[in-house]
Amino acid sequence: MSLLDQHCTHGAPALDAPELATLLAQLPQWRLDGNRIVRNYEFTNYHETIAFVTALAAMIHLEDHHPEMLVRYRHCSVAWTTHSAGNVVSMNDILCAAKADALYDERTRA
């Protein structure tokens, strides 16, 4: 089943290092930064950045899994970690990262 077809689950456990490496290989723009996965999205202007953040917020609400975000004029940095799993990366983070990438691709496709 595709990452995009799955949904976050309450109590998702931490991923071990081999699982995380395998899953991150499917998300090449994401990098492990300590106990979280991080990606920076780039846009041509602030309006596009905020439109992406708004679309991302709708997905976040549906999945009930919330990232840290830093919004700038033409950039939005997103970081996922699962607090309930001990502040480490879980499958919920991977699923939301994949969905965020799909939103970004959809919005920036020319």
key: Residues located in segment 1-31, provided they are hydrophobic (A, V, I, L, M, F, W, C) and under 15 Å from Cys96 (Cβ atoms)   = Leu3, Leu4, Cys8, Ala12, Leu15, Leu20, Leu23, Leu24, Leu27, Trp30
task = Looking only at segment 32-42, decide whether some residue is exposed (fewer than 14 other Cβ atoms within 10 Å of the Cβ) and within 18 Å of Leu3 (Cβ to Cβ).
result = yes
query = In the list Ile50, Ile94, Ile60, which residue meets the criterion of being in contact (Cβ under 8 Å) with a residue 12 or more places away in the chain, in a helix (DSSP H, G or I) and surrounded by fewer than 16 Cβ atoms within 10 Å (Cβ to Cβ)?
reply = Ile50
request  = Could you list, in sequence order, all residues of segment 70-103 that are under 11 Å from the mean Cα position of the chain (by Cα) and farther than 23 Å from Asn35 by Cβ?
outcome  = Ala102, Leu103
remark   = His65 fails exactly one of (1) part of a helix (DSSP H, G or I); (2) farther than 20 Å from Pro28 by Cα; (3) at pLDDT 95 or above, namely (1)
remark   = Expected single match for in contact with a Cys (Cβ under 6 Å, 6 or more places away or on another chain) and among the hydroxyl-bearing types (Ser, Thr, Tyr) among Tyr41, Tyr104 is Tyr41
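The values are calculated or read from the model by the stated rules, or taken from the named source; none is laboratory data. Predicted, not measured: the structure shown is a model, and the values here were computed from it. So basically every Cβ, Gly included, is an ideal-geometry build from the backbone, and we count neighbours across all protein chains shown.
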